[in-house]
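Taking it in order: structure first as C-alpha cells, then the write-up.
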Amino acid sequence: IKAIEHASQREAINVGKPSNILAKLLMEEHGIVDTARVLMVGDRLDTDVRFGREGGMMTALVLTGCTTVGQLKGFRGTEEEPLPHIIFPHM
C-alpha cells in the first residue's frame, strides 16, 4: 500500500471490512436508515462481526467457516474480535 501511496502521492483509505466507510456506503445505496434492523452474517469475528457491530448492525456468526466452537469456549470478546449477537452452529 505504501508503494501505491508514494506513486500516486495520495493517502490510501481502507474501505474493506471492518471499515465504517463501507458500512455507510452500503446503507446509503440501499436506503437503510435504521442499521439496527440489519443482520450482518459472517464467519469471522475480526472482520464480519466487527464490521457489523461497529456499523450498528445486529450480527450473526456461522460456525461453518473460519471461527470454531473451540475458539469461542471461554472467550469473552475483545474490541478487535467482538462477540456476535447470535451464533448459528450450522447453516
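Screening PRO18 with (1) within 20 Å of GLU81 (Cβ to Cβ); (2) under 13 Å from the mean Cα position of the chain (by Cα); (3) modelled with pLDDT of 95 or more gives one miss only, at (3). Looking across ALA12, ALA23, one residue alone is more than 23 Å from PHE88 (Cβ to Cβ), touching a helix residue (DSSP H, G or I) at 6+ places or on another chain (Cβ under 8 Å) and of a type in the set (Gly, Ala, Ser). It is ALA12.
Look at region 1-13: where a residue is within 21 Å of LEU25 (Cβ to Cβ) and a partner is of a type outside the set (Phe, Trp, Tyr) and open to solvent by 100 Å² or more (accessible area, probe 1.4 Å), sitting 6+ places away or on another chain with Cβ atoms under 8 Å, you get ALA12/ILE1; ALA12/ILE4. The criterion of at least 1 residues that are of a type in the set (Gly, Ala, Ser) and surrounded by 13 or more Cβ atoms within 10 Å (Cβ to Cβ) is met by the following helices (runs of 4 or more DSSP H) wholly inside the chain: 20-29, 50-54. Here GLY31 clears all of (1) at positive phi; (2) at pLDDT below 95 except the condition numbered (2).
The values are calculated or read from the model by the stated rules, or taken from the named source; none is laboratory data. Nothing here was measured: the structure is a model prediction, and the numbers come from that model. Glycine gets a Cβ as well: all are built from the backbone with ideal geometry, and neighbour counts include every protein chain shown. Heads up: the accessible areas ignore ligands, DNA and RNA and are worked out on the full protein's heavy atoms, side chains in. Shrake-Rupley method; radii C 1.70, N 1.55, O 1.52, S 1.80 Å.
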